[in-house]
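K.L.:
Mind looking over this structure? Questions follow.
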Amino acid sequence: MIKNYIKIAWRNLSRNKGFAITNLLGLTIGIACTIFIFLWVNDELTFDKFNANYKNIYQVMANRDFKNNILTDQNMVFPLQKALETGYPQIKNVVMSSYSSAQLFVYGDTKLKKDMVTVGGHYFDMFTCKFVRGNAATALAEPNTIVLTQSAAKAFFGNAEPINKVLKLNNDRQVKVTAVIADMPGNSSRRFDCIVACNFSDPKNKSAMNEWRNSSWKVYIQTIANPNIRQLEKEITNVMFQHNHDKISSYFVFPMNKWHLYSDFKDGKNTGGQIEYVRLFTIIAIIILLIACVNFMNLSTAHSEKRAKEVGIRKTLGSDKKQLILQFFFESMILVVTSFVFAIIAVCILLPAFNLLVNKQLNLNLANPVFWIGSLVIIIFTGLLAGSYPALYLSSFNPVKVLKGTVMAGKSAVLPRRILVVGQFVISILLISATIIIYKQIQHVKNRDLGYNPNNLIMVPSTPSTDKSYAAIKEELLKSGLIKAVVRTSSPITQIWWRMPAPEWDGMPSGTQFIMSGIATDVDFTKTMGIKVLQGRDFAGTPSDSSSIILNKAAVDAMQLKNPVGTLMHYGPRTKTVIGVIDNVVITSPYAPVDPLMIFYNPGNSGYITTGLNGRTKPRRAIALLKNIYEKYSPADVFEYQFVDQEFGKKFIAEELISSLTNIFAGLAIFICCIGLAGLASFTIEKRFREIGIRKVLGATVQQLLVLIAKEFLKLVLIAFVIAVPLTWWLMHNWLQKYEYHIDISIWMFGAVGVIILLLTMAVVSLNTLGAATANPVKSLRNE
């Protein structure tokens, strides 16, 4: 029986090639998009799950309450790891770590900069790493030892044996290679090139064991199964309060299963994060698959007139409704399975390009049973959903009426079909509107006044050697005529590395507390960056500058200072005088308000040297000049540079990726809608072919015939527009609220989207109608 069902189904599809190809194309695109999205979603959902202790690893974090705002902080004090190691039955292991990017390593003539993690505690007992050389027990047992990733080991030693080789780190200490591990997976929250053991016997670290205020380390704990989290947090808080009477901080533990997907905090509360995009694209995948299924339903019911007599005859010969339903389901399943095969081929061909777009290394593992279970779910879901309505509808025909010709097959399906078409248009309008709003939001933020000009600024990390010769380096750069200004800062202009409670000041309102950002600079900070000085002056290099600070406008507003210049700021025994106020500068998130900022004068600080190019200077010449001078004064180091505008542009990567993915999948969803619309229009024209011929004989023009056919679809577009606009506004308004600096949704944008959909509908319907409208009416009337 099943063999017979398959044979008849295949025969029917072969006879109706246009119907089959239209559905095949729509379903193939829908299934391929779904596979791409679920590959991405699966990668996001499996972050860090390769760790054997995934369910029992937590990070110690703190909410620091400054009344006006609560700062969620990952940084912990140096002694906390040792303090938690013993005496707490719920804690099995404690590890601390500190991440350092672009550290200089030298082996022979090879000089490379690598991202390094310094760790304390039994790191490999907590975090899972695959050892290629050496073993976990002895890898970091001694001070000044290092574990390299496989790619880092190959970069330094090629195919030679790396174990016991010695590397020079930052030109001031030596570290011995004790093990090599496989590169961290792409879905790992912890990415690095090497791990270095913390040297607790170092005099600086011995001193730091008594420092319970300076927080700069991340602390992780591994617990027993099913720990009492509240009790654990209480114990950690008690440890901190015993050594540091910090009344503004409350400590909590954050589980590993939330590190990637739920990383956003606001006012001390976890507000989500990447999980929002995982949900978004899961919904888009389902929507695209639904659109493809709706196409199948619409085309099948529109095509029903050709199947009516077949159903009538089969029922007359003894087929019951159940057999007919199975027959039509087999047809849909054959189409879905065939589409799935084509979709797999398309995914294999396009996956490298998709990986490049999403910056991942996704693989279509056809040997993975989970993949085939998921695929089977997609096939069955799509086949049953797409075939359900046509099967139930077609199998319900009355054989007597059909064979007498007194029933118009497809007539009773007009209303459901119109509802499905309206649903498709609603989704299309929503997706187009969403992509436009996302694009406009990104452009709105990109066009935000940063308070400085990021163009023609080049940053170079400073080193001990460049710090010693900074005055000579600056003089040579300025004498070249290529550089207009030079400044040295404690951090890059695109990042904040220093945050602190606001100082006390004369006239300070009682109970005022908030967080301030900080940066240390040399002279010419505002000149180099192009920052506007609103009041007072910049640092001039005079002795009095060492006891002076500059505030930004946001800090002045937060402190409610009417005459800020000359105001005394008190940090315990230290007092600083405000000598200037600068315009607000966007340094951290371009989507958030500017933080209050204090700028300190520190001519000996080490961090970054930033150069401002003269307007006519070509960047290539400036880079060559910087490289020559850098290698002259710091020959032992590796020259690296960054363009400020490019570094700031990296802050938009996540949003631009989401925008690109939304554009692609929205475009494909709309394309599937157009395929279905074209097929539906084609069948509508086929049923009205004689009517069109008669109208032509009676004098109807081509334009009138086009309007006649298009009118039915345009009504559906208008209904969809009325439904989609308020729904889209509500969804996108809620999405925009996550950004404090955002656009307002304009009603004119929906008008533009409506015009686009109307034109698209007219184009698709007109192209299908044109052939019938221009055909010789003799062809349609010769059998009358």
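K.L.:
Out of curiosity, is SER201 without any contact (Cβ under 8 Å) to a residue 60 or more places away in the chain and more than 30 Å from ARG499 (Cβ to Cβ)?
P.N.:
Yes: the conditions hold for SER201.
K.L.:
Would the range 452-461 turn up any residue that is over 18 Å from GLY615 (Cα atoms), open to solvent by 40 Å² or more (accessible area, probe 1.4 Å) and in contact (Cβ under 8 Å) with a residue 12 or more places away in the chain? Show your work before the answer.
P.N.:
Looking only at the range 452-461, we keep the residues that are over 18 Å from GLY615 (Cα atoms), and these are 460-461.
When the remaining residues are screened for being open to solvent by 40 Å² or more (accessible area, probe 1.4 Å), the result is none.
Checking the range 452-461: not a single residue is over 18 Å from GLY615 (Cα atoms), open to solvent by 40 Å² or more (accessible area, probe 1.4 Å) and in contact (Cβ under 8 Å) with a residue 12 or more places away in the chain.
Okay, residues lined up against (1) outside any helix (DSSP H, G or I); (2) open to solvent by 90 Å² or more (accessible area, probe 1.4 Å):
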position: GLU691; (1), (2): no, no
position: GLY699; (1), (2): yes, no
position: LEU705; (1), (2): no, no
position: LEU716; (1), (2): no, no
position: ILE723; (1), (2): no, no
position: PRO726; (1), (2): no, no
position: MET732; (1), (2): no, no
position: GLU740; (1), (2): yes, yes
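K.L.:
I'm checking my understanding of the structure. Among residues of the range 466-481 that are within 41 Å of the chain's Cα centre (by Cα) and of a type in the set (D, E, K, R), which one is nearest to THR617 (Cα to Cα)?
P.N.:
LYS474
K.L.:
Would it be correct to say that SER263 is among the small types (Gly, Ala, Ser) and in contact (Cβ under 8 Å) with a residue 12 or more places away in the chain?
P.N.:
No.
K.L.:
What tally of residues in the range 498-524 results from selecting those that are in contact with a Pro (Cβ under 7 Å, 6 or more places away or on another chain) and among the β-branched types (Val, Ile, Thr)?
P.N.:
Summing the residues that are in contact with a Pro (Cβ under 7 Å, 6 or more places away or on another chain) and among the β-branched types (Val, Ile, Thr) in the range 498-524 gives 1.
K.L.:
Still on this structure: Please specify each residue of the range 742-752 satisfying the condition of being under 13 Å from SER433 (Cα atoms) and surrounded by 15 or more Cβ atoms within 10 Å (Cβ to Cβ).
P.N.:
ILE745, MET749, PHE750
K.L.:
Also, quick follow-up: Could you grab me the full set of residues in the range 23-81 that are over 26 Å from TRP497 (Cβ atoms), open to solvent by less than 30 Å² (accessible area, probe 1.4 Å) and in contact with a strand residue (DSSP E or B) (Cβ under 6 Å, 6 or more places away or on another chain)?
P.N.:
The one that is over 26 Å from TRP497 (Cβ atoms), open to solvent by less than 30 Å² (accessible area, probe 1.4 Å) and in contact with a strand residue (DSSP E or B) (Cβ under 6 Å, 6 or more places away or on another chain): ILE57.
K.L.:
OK, next. Do we find that LEU112 is under 20 Å from ASN205 (Cα atoms) and either at pLDDT below 95 or outside any strand (DSSP E or B) (or both) in this structure?
P.N.:
no
K.L.:
Ok, one more. Answer yes or no as to whether ILE519 is part of a strand (DSSP E or B) and either modelled with pLDDT of 90 or more or touching a helix residue (DSSP H, G or I) at 6+ places or on another chain (Cβ under 6 Å) (or both).
P.N.:
Answer is yes for this residue.
K.L.:
OK, next. Under 7 Å between Cβ atoms, which residue pairs at least 6 apart in sequence (or on different chains) link something in the range 137-162 that is part of a loop (DSSP other than H, G, I, E, B) with a partner that is modelled with pLDDT under 90 and open to solvent by less than 50 Å² (accessible area, probe 1.4 Å)?
P.N.:
Short answer, once both residue conditions are applied: PRO143/ASN199; ASN144/ASN199.
K.L.:
Within the range 542-572, how many residues turn out to be among the small types (Gly, Ala, Ser) and open to solvent by 40 Å² or more (accessible area, probe 1.4 Å)?
P.N.:
Here the count works out to 5.
K.L.:
Looking at LYS532, is it out of contact with any Cys (no Cβ under 8 Å at 6 or more places or on another chain), modelled with pLDDT of 90 or more and open to solvent by 10 Å² or more (accessible area, probe 1.4 Å)?
P.N.:
The answer is yes for LYS532.
K.L.:
May I pose another question? Scan ILE629, ILE664, ILE658 and give me the residue that is closer than 18 Å to LYS360 by Cβ and modelled with pLDDT of 85 or more.
P.N.:
From the options ILE629, ILE664, ILE658, the qualifying one is ILE664.
K.L.:
I need the full set of residues from the range 477-514 which are small (Gly, Ala, Ser), assigned to a loop (DSSP other than H, G, I, E, B) and open to solvent by less than 60 Å² (accessible area, probe 1.4 Å), in order please.
P.N.:
Listed by number, the residues that qualify are SER480, GLY481, SER490, SER491, ALA502, GLY511.
K.L.:
Of everything in the range 232-254, what is surrounded by fewer than 15 Cβ atoms within 10 Å (Cβ to Cβ) and within 35 Å of the chain's Cα centre (by Cα)? Give them in sequence order.
P.N.:
Once the filter is applied, which keeps residues that are surrounded by fewer than 15 Cβ atoms within 10 Å (Cβ to Cβ) and within 35 Å of the chain's Cα centre (by Cα), the range 232-254 yields LYS234, ILE248.
K.L.:
Separate question: Quick one: in the range 659-675, of everything that is open to solvent by less than 50 Å² (accessible area, probe 1.4 Å) and out of contact with any helix residue (DSSP H, G or I) (no Cβ under 6 Å at 6 or more places or on another chain), which residue is farthest from LEU357 (Cα to Cα)?
P.N.:
If we take residues in the range 659-675 being open to solvent by less than 50 Å² (accessible area, probe 1.4 Å) and out of contact with any helix residue (DSSP H, G or I) (no Cβ under 6 Å at 6 or more places or on another chain), then GLY667 is farthest from LEU357 (Cα to Cα).
K.L.:
Additional query: Within the range 355-370, can you find the residues that are assigned to a helix (DSSP H, G or I) and either under 19 Å from MET333 (Cα atoms) or among the polar types (S, T, N, Q) (or both)?
P.N.:
The answer is ASN355, and nothing else.
K.L.:
Separate question: Go through the range 228-253 and give me each residue that's in contact (Cβ under 8 Å) with a residue 40 or more places away in the chain, closer than 18 Å to VAL95 by Cα and not aliphatic (A, V, I, L, M).
P.N.:
Once the filter is applied, which keeps residues that are in contact (Cβ under 8 Å) with a residue 40 or more places away in the chain, closer than 18 Å to VAL95 by Cα and not aliphatic (A, V, I, L, M), the range 228-253 yields GLU235, TYR251, PHE252.
K.L.:
At pLDDT below 90 and open to solvent by 10 Å² or more (accessible area, probe 1.4 Å): does that describe TYR439?
P.N.:
Yes, satisfied.
K.L.:
A follow-up question, please. Would you mind stating whether ILE458 is touching a Ser or Thr at 6+ places or on another chain (Cβ under 6 Å), β-branched (Val, Ile, Thr) and assigned to a strand (DSSP E or B)?
P.N.:
Criteria met by ILE458.
K.L.:
While we're here: State which residue pairs qualify: first residue on the phi < 0 side of the Ramachandran plot and inside the range 270-299, second residue at pLDDT 85 or above and surrounded by fewer than 16 Cβ atoms within 10 Å (Cβ to Cβ) in any location, beta carbons under 6 Å apart, and separation of 6 or more residues or different chains.
P.N.:
THR271/ASP264
K.L.:
For residues that are open to solvent by less than 80 Å² (accessible area, probe 1.4 Å) and assigned to a loop (DSSP other than H, G, I, E, B), tally how many sit in the range 204-231.
P.N.:
Selection size over the range 204-231: 6.
K.L.:
When residues of the range 619-638 are filtered for being touching a helix residue (DSSP H, G or I) at 6+ places or on another chain (Cβ under 8 Å), open to solvent by 30 Å² or more (accessible area, probe 1.4 Å) and part of a helix (DSSP H, G or I), how many remain?
P.N.:
2
K.L.:
Confirm whether ALA472 is out of contact with any Gly (no Cβ under 9 Å at 6 or more places or on another chain), outside any loop (DSSP other than H, G, I, E, B) and either in contact (Cβ under 8 Å) with a residue 24 or more places away in the chain or open to solvent by 10 Å² or more (accessible area, probe 1.4 Å) (or both).
P.N.:
Yes: the conditions hold for ALA472.
K.L.:
Using the structure shown, decide if GLY108 is among the small types (Gly, Ala, Ser), more than 31 Å from the chain's Cα centre (by Cα) and surrounded by 15 or more Cβ atoms within 10 Å (Cβ to Cβ).
P.N.:
no
K.L.:
Take the residues in the range 594-618 that are at pLDDT 85 or above, under 35 Å from the mean Cα position of the chain (by Cα) and of a type outside the set (A, V, I, L, M, F, W, C), then tell me which one is most open to solvent (accessible area, probe 1.4 Å).
P.N.:
LYS618
K.L.:
Name the residues in the range 351-367 that are surrounded by 10 or more Cβ atoms within 10 Å (Cβ to Cβ) and over 24 Å from SER189 (Cα atoms), would you?
P.N.:
Once the filter is applied, which keeps residues that are surrounded by 10 or more Cβ atoms within 10 Å (Cβ to Cβ) and over 24 Å from SER189 (Cα atoms), the range 351-367 yields only LEU366.
The values are calculated or read from the model by the stated rules, or taken from the named source; none is laboratory data. These numbers come from a predicted model, not from an experiment. Counting neighbours? That spans all protein chains shown, and the Cβs are built from the backbone with ideal geometry, glycine included. These accessible areas exclude ligands, DNA and RNA; they are computed on the full protein's heavy atoms, side chains included. Shrake-Rupley method; radii C 1.70, N 1.55, O 1.52, S 1.80 Å.
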